[in-house]
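Working notes, structure below.
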Amino acid sequence: QFHMIKYEDLQWDVSLGQGSFTRIFSGYKTDIRDGEKHVTDVFLKELDVVHKNYWESFFEAASLMSQISHKHLLLVYGVSVHGVKNIMVQEFVEYGALDLYLQRGRSVSVSWKLDVAKQLASALNFLEEKNIVHGNICAKNLLLAREGDPSQGSSPFIKLSDPGISVAMLAKDVILDRIPWVAPEVLESPDNLTLECDKWSFGATLWEIFNSGEPPLRGWDLDQRQLYERFLQLPPSQWTELADLIGQCMDYQAAFRPSCRSIIRQLNSLITSGNHYTSQLIIPVW
Ligand code: ATP
Ligand code: MG
């Protein structure tokens with residue numbers, strides 16, 4: 001369920017390092033439309049050969065993204081196969097991952113963060129209506145297409161990236177490293193991802209957005225699985241309405257997590273109530 005792209009139509013530019021299971025590059029895609037040559041900037045994700053046994057799951061992620069279309073979901077142009085190489089061809093998103101962007105310390109206003117949160121919620125709502133589980137929502141998988149500038153009244157613009165290799169395929173220790181984004185019930189049954197699991201991950205991502213991309217478990221020196229075994233929460237924001245929303249999403253009882261409608265409603269009311277909380281960021285202390 002995806003477009004096959006001819007390997008010859010791809011051009012490699014710069015190596016950008018590695019993802020979790022991938023080697024990543026910027027490049028170009030050439031196609032001929034109406035007798036005219038079009039060149040598009042692309043982001044190339046090549047499944048690392050040491051992980052080549054994950055190819056099916058990798059293509060499933062590409063297929064998922066190709067089947068749905070929403071302004072806040074990353075555009076996947078297709079896949080290309082060449083010998084042992086499995087490549088996912090995506091739109092190139094200029095400012096990269098949101099966690100890294102926030103960690104670079106550029107000061108962003110509360111309304112900027114709320115815009116990001118609302119955009120992610122709208123993507124999640126779209127997925128919920130289609131009954132599609134993403135399975136890997138985190139600030140690392142939010143890509144920043146437009147920086148925006150709150151002082152000029154222009155908003156940021158984010159795109160949710162592909163989920164990558166399904167959690168159902170991953171080794172236990174790799175899943176444990178996804179704490180606190182992975183919902184606790186997934187540790188017991190990784191092959192049973194539900195819409196509620198994405199709600200939990202959304203909560204953890206909200207936390208990241210409002211804590212400058214800080215690794216949520218920084219300063220936690222126990223085994224990360226202890227967090228869930230003790231039914232603990234991430235350090236709460238002083239902005240109580242925000243802390244409450246994150247807490248609702250990260251409810252250990254999946255059935256109690258809010259619907260997307262409710263999440264969006266709560267985010268909208270945060271905007272009207274919370275602009276005086278400009279610097280209410282907390283330093284996580286366990
Ligand atoms: P995972 O399956 O865990 O998400 P991955 O293989 O998708 O892993 P990531 O760590 O998500 O790899 O991505 C690696 C980095 O590549 C990100 O930190 C981000 O900066 C960058 N990146 C990913 N997709 C794009 C894109 N479409 N445009 C620009 N940069 C991107
Ligand atoms: Mg990713």
Exercise. Which of the residues that make up the stretch 124-159 are outside any loop (DSSP other than H, G, I, E, B) and within 15 Å of ligand 1 (Cβ to nearest atom)?
Worked result: Ala139, Lys140, Asn141, Leu142, Leu143, Leu144, Ala145, Arg146, Phe157, Ile158, Lys159
Seminar exercise, completed: Picking from Asp34, Asp41, Asp13, Asp48, the residue that is at positive phi and not hydroxyl-bearing (Ser, Thr, Tyr) would be Asp34
Problem set entry | Of the criteria (1) surrounded by fewer than 17 Cβ atoms within 10 Å (Cβ to Cβ); (2) in a loop (DSSP other than H, G, I, E, B), which one Asp162 fails | (1)
Exercise. Has the stretch 64-76 got at least one residue that is surrounded by fewer than 20 Cβ atoms within 10 Å (Cβ to Cβ), part of a loop (DSSP other than H, G, I, E, B) and basic (Lys, Arg)?
Worked result: yes
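For the stretch 96-108, name all the residues that are within 15 Å of ligand 2 (Cβ to nearest atom) and in a loop (DSSP other than H, G, I, E, B).
Gly96
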Seminar exercise, completed: Scanning the stretch 170-189 residue by residue, those more than 23 Å from Asp221 (Cβ to Cβ), in contact with a helix residue (DSSP H, G or I) (Cβ under 8 Å, 6 or more places away or on another chain) and surrounded by fewer than 19 Cβ atoms within 10 Å (Cβ to Cβ) turn out to be Glu185
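Pick from Val116, Val133: which is touching a Pro at 6+ places or on another chain (Cβ under 6 Å) and under 25 Å from Ile179 (Cβ atoms)? Can you show your working first?
Working: Val133 fails: touching a Pro at 6+ places or on another chain (Cβ under 6 Å).
Exactly one of Val116, Val133 is touching a Pro at 6+ places or on another chain (Cβ under 6 Å) and under 25 Å from Ile179 (Cβ atoms), namely Val116.
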Exercise. Would it be correct to say that Thr22 is away from ligand 2 (no atom under 16 Å from the Cβ), of a type in the set (Ser, Thr, Tyr) and in contact with a strand residue (DSSP E or B) (Cβ under 8 Å, 6 or more places away or on another chain)?
Worked result: no
Problem set entry | Residue that is surrounded by the most Cβ atoms within 10 Å (Cβ to Cβ) [pool: residues in the stretch 16-56 that are farther than 16 Å from Ala97 by Cβ and among the hydroxyl-bearing types (Ser, Thr, Tyr)] | Tyr54
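Since every read-out is calculated from the coordinates, none of them should be taken as a lab result. Bear in mind that the values here come from a model prediction, so they are computed numbers and not experimental data. Reconstructed Cβ throughout: ideal geometry from the backbone, glycine too, with neighbour counts over all protein chains shown.
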